[in-house]
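Peer 1: Have a look at the structure that comes next, please.
The values are calculated or read from the model by the stated rules, or taken from the named source; none is laboratory data. For clarity, every value in this text was computed on a predicted model and none was experimentally measured. For neighbour counting, all protein chains shown are included, and Cβ atoms are generated from backbone atoms with ideal geometry for every residue, glycine included.
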Amino acid sequence: MRIAVVGGGYVGLVSGACLATLGWDVTVIESNADRYRALCEGRIPIYEPGLAELVLANRESGRLVFADRIHGSVSGADAVFLAVGTPSRRGDGHADLTYVFSAADDVAHALTSSTILVTKSTVPVGTGRRLERRMRELRPDLAIAVASNPEFLREGSAIGDFMQPDRVVIGASSTSARAILEQIYEPLARKGIPIWITGLESAELIKYAANSFLAMKIAFINEIADLCEKTGADIAEVSHGMGLDQRIGARFLSPGPGFGGSCFPKDTQALARIAQEAGAPSRLVETVVAVNDARKASMAGRILAICGGSVRGKKVAVLGLTFKPETDDMRDAPSISIVHRLVAEGASVNAYDPEGVDQARPLLPSNVVYADSATAAISDADIVVLVTEWKEFSAINASELAARMRGNVVVDFRNVLDGGALKAAGLIYYAIGRTMPPAASEVWHPFGRHRLVALA
Ligand code: UGA
């Protein structure tokens, strides 16, 4: 089976490397000259655990090759996957399909025999039908069937998500397209992975509905966490108790500073637009978008409240900047509004992130200082704010933290620190969805340091 993947970005590269691992001959086409050169030189332009090794192994076996143009790279392919970006269109939140249609046109012009065109990119319902019409228009001489095969890859665990997914969704209206995709995923079907075959429109909608549902779960648990703070309930206990109900499920019930990344914010907005235009508006999804935006914007306010209303002149250590751990992706990360507000309120920010600093720099105020370790960031900090739950942060030792800090406020937006140990070490600890510590006020510390004390 010969496969071409158009787009060597996150989805294209992971999918290409994994399809090669399934045993197929794959060409990944990347038209950006710098990215293409990097790939050819064995440099992977994104941080994704295990990806560099997988790409290398498949290149060495000859099953994965890179090309820099569609022309000459898709002829003879049994399937051509489109894995190009579908960013939010400025102004209206719709998915911008410019790259999809321009890549599809190039593919149509370059083909020398019939094939199937598969969208991996997240595309609005109806895009597959539009692509079918376009292919018929451009190449009436060929039979180009269109299919939808949405990806469900989480950054940071994308390879596992591709190789051991909960399901593979294939949307196709032609039997030939269905048969080829079934053959491609046969190695997964053999392992017992469900292959769910649907119509084109259903597959396209499954992707948006799944992402929006997960986003809704997060927005919901975040609201319940706020309620916990007001009522004395503990979100860890509540979330676990809810998740034990198999109808609800335990995953995606962790509270935090709001969801970010390249998918949930974009896909919830796009689904809201699709639903409005289809005449079936989704007030739930619209509310998820609004609630999450408001949450991200309000998180810095919590830090201020815990610090008695002001962070002016304070040194704040921010641990974790990326939208989630195990990625260098800063898109729509909650850290962005948090850091901007802290700086605007007169704090000096010392930030540390294991992978995201290069991506963070252009998005954060220029006076943010980037530490090269968590230890360096927290040294002499008045306030420590954990924004992204990188594994190394949960190993932070409470007494060492207390000793290194100048002040004593620790704000944990991911509930991963050992609150008991931090409190025992004399620190004021705030975690999401637990009773708020009383607002702190500044006192003169006997050893000549400014400390914040909780007001009883
Ligand atoms: C998401 C989906 O999980 C994938 O299935 C989907 O394929 C992908 O989007 C996509 O459309 O390409 P991703 O954005 O990589 O994957 O990351 P998630 O692990 O889903 O996290 C998204 C955001 O939700 C992060 O900001 C994370 O911190 C937040 N989150 C997640 C929570 O706040 N609580 C949770 O319980 C889970």
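Peer 1: Can you pull out the residues in segment 273-298 that are assigned to a loop (DSSP other than H, G, I, E, B) and in contact with a helix residue (DSSP H, G or I) (Cβ under 6 Å, 6 or more places away or on another chain)? Full working, then the answer.
Peer 2: In the first step, residues of segment 273-298 are kept if they are assigned to a loop (DSSP other than H, G, I, E, B); the result is 278-282.
Once the filter is applied, which keeps residues that are assigned to a loop (DSSP other than H, G, I, E, B) and in contact with a helix residue (DSSP H, G or I) (Cβ under 6 Å, 6 or more places away or on another chain), segment 273-298 yields 281, 282.
Peer 1: Let me ask you something else. For segment 147-166: of the residues being away from the ligand (no atom under 11 Å from the Cβ) and within 19 Å of residue 208 (Cα to Cα), which is farthest from the chain's Cα centre (by Cα)? First the steps, then the outcome.
Peer 2: Residues of segment 147-166 that are away from the ligand (no atom under 11 Å from the Cβ), as a first pass: 147-149, 159-160, 163-164.
Next, only the ones that are within 19 Å of residue 208 (Cα to Cα) stay: 147-149.
Numbers: 147: 25, 148: 21, 149: 19 Å.
Only one residue tops the list, namely 147.
Peer 1: Within segment 210-230, how many residues are more than 17 Å from residue 282 (Cβ to Cβ) and more than 9 Å from the ligand (Cβ to nearest atom)? Lay out the reasoning, then the answer.
Peer 2: Filtering segment 210-230 for residues more than 17 Å from residue 282 (Cβ to Cβ) gives 221-230.
After this cut, where a residue has to be more than 9 Å from the ligand (Cβ to nearest atom) as well, the list is 223-230.
Residues meeting the conditions: 8.
Peer 1: Among 261, 301, 309, which is the only one that is more than 16 Å from the ligand (Cβ to nearest atom), in contact (Cβ under 8 Å) with a residue 40 or more places away in the chain and part of a loop (DSSP other than H, G, I, E, B)?
Peer 2: Details: 261 fails: more than 16 Å from the ligand (Cβ to nearest atom); 301 fails: part of a loop (DSSP other than H, G, I, E, B).
When all the criteria are applied, what remains is 309.
Peer 1: In segment 163-218, which residues are of a type in the set (Asp, Glu) and touching a helix residue (DSSP H, G or I) at 6+ places or on another chain (Cβ under 8 Å)? Explain how you work it out, then say what you get.
Peer 2: Within segment 163-218, the first condition is being of a type in the set (Asp, Glu), and the residues that meet it are 166, 182, 186, 201, 204.
Residues satisfying the conditions are 182, 201, 204.
Peer 1: Another question about this same structure. Does residue 327 count as in a helix (DSSP H, G or I) and of a type in the set (Ser, Thr, Tyr)?
Peer 2: For residue 327, the condition - in a helix (DSSP H, G or I) and of a type in the set (Ser, Thr, Tyr) - is not met.
Peer 1: Quick one: would you say residue 325 is surrounded by fewer than 19 Cβ atoms within 10 Å (Cβ to Cβ), at pLDDT 95 or above and either away from the ligand (no atom under 16 Å from the Cβ) or not basic (Lys, Arg) (or both)? Before the answer, list the steps.
Peer 2: Details: surrounded by fewer than 19 Cβ atoms within 10 Å (Cβ to Cβ): no; at pLDDT 95 or above: yes; either away from the ligand (no atom under 16 Å from the Cβ) or not basic (Lys, Arg) (or both): yes.
Answer is no for this residue.
Peer 1: Also, quick follow-up: Only one of 157, 176, 212 is touching a residue at least 12 places away in the same chain (Cβ under 8 Å), touching a Pro at 6+ places or on another chain (Cβ under 8 Å) and not assigned by TED's automatic domain parsing to the domain that holds residue 432. Can you tell me which? Before you say what the answer is, go through the steps one by one.
Peer 2: Working: 176 fails: touching a Pro at 6+ places or on another chain (Cβ under 8 Å); 212 fails: touching a Pro at 6+ places or on another chain (Cβ under 8 Å).
Sole residue among the options that is touching a residue at least 12 places away in the same chain (Cβ under 8 Å), touching a Pro at 6+ places or on another chain (Cβ under 8 Å) and not assigned by TED's automatic domain parsing to the domain that holds residue 432: 157.
Peer 1: Specify which of the listed residues (394, 379, 337, 366) is at pLDDT below 95 and surrounded by fewer than 23 Cβ atoms within 10 Å (Cβ to Cβ). Steps first, please.
Peer 2: Working: 379 fails: at pLDDT below 95; 337 fails: at pLDDT below 95; 366 fails: at pLDDT below 95.
Criteria check complete, one pass: 394.
Peer 1: Tell me which residues, restricted to segment 155-205, are buried (at least 20 other Cβ atoms within 10 Å of the Cβ) and either touching a Phe, Trp or Tyr at 6+ places or on another chain (Cβ under 6 Å) or of a type in the set (Phe, Trp, Tyr) (or both).
Peer 2: Result: 162, 168, 169.
Peer 1: Within segment 93-111, does at least one residue satisfy the condition of being part of a loop (DSSP other than H, G, I, E, B), touching a residue at least 60 places away in the same chain (Cβ under 8 Å), assigned by TED's automatic domain parsing to the domain that holds residue 18 and farther than 28 Å from residue 37 by Cβ? Can you show your working first?
Peer 2: At the first step, the residues of segment 93-111 found to be part of a loop (DSSP other than H, G, I, E, B) are 93-94, 96-97, 111.
Right, trim to touching a residue at least 60 places away in the same chain (Cβ under 8 Å) and you get 93-94.
Next, from what is left, pick out any that are assigned by TED's automatic domain parsing to the domain that holds residue 18: 93-94.
Filter once more, keeping what is farther than 28 Å from residue 37 by Cβ: 93-94.
So far as segment 93-111 goes, yes, one or more of its residues are part of a loop (DSSP other than H, G, I, E, B), touching a residue at least 60 places away in the same chain (Cβ under 8 Å), assigned by TED's automatic domain parsing to the domain that holds residue 18 and farther than 28 Å from residue 37 by Cβ.
Peer 1: Being surrounded by 15 or more Cβ atoms within 10 Å (Cβ to Cβ) and under 21 Å from residue 262 (Cα atoms), is that true of even one residue in segment 128-147?
Peer 2: no
Peer 1: So, of the residues in segment 379-431 that are among the acidic types (Asp, Glu) and within 16 Å of the ligand (Cβ to nearest atom), which turns out to be nearest to residue 346 (Cα to Cα)? Before you say what the answer is, go through the steps one by one.
Peer 2: First, the residues of segment 379-431 that are among the acidic types (Asp, Glu): 380, 382, 389, 392, 400, 412, 418.
With the extra rule that they be within 16 Å of the ligand (Cβ to nearest atom), the set shrinks to 389, 412.
Working: 389: 26, 412: 21 Å.
Selected residue: 412.
Peer 1: Give the residue, chosen from 29, 46, that is at pLDDT 95 or above and not hydroxyl-bearing (Ser, Thr, Tyr). Break it down into steps so the answer makes sense when it comes.
Peer 2: Working: 46 fails: at pLDDT 95 or above.
Going through 29, 46 in turn, the sole match is 29.
Peer 1: Of all residues in segment 12-47, how many are within 16 Å of the ligand (Cβ to nearest atom) and farther than 15 Å from residue 64 by Cβ?
Peer 2: Of the residues in segment 12-47, 2 are within 16 Å of the ligand (Cβ to nearest atom) and farther than 15 Å from residue 64 by Cβ.
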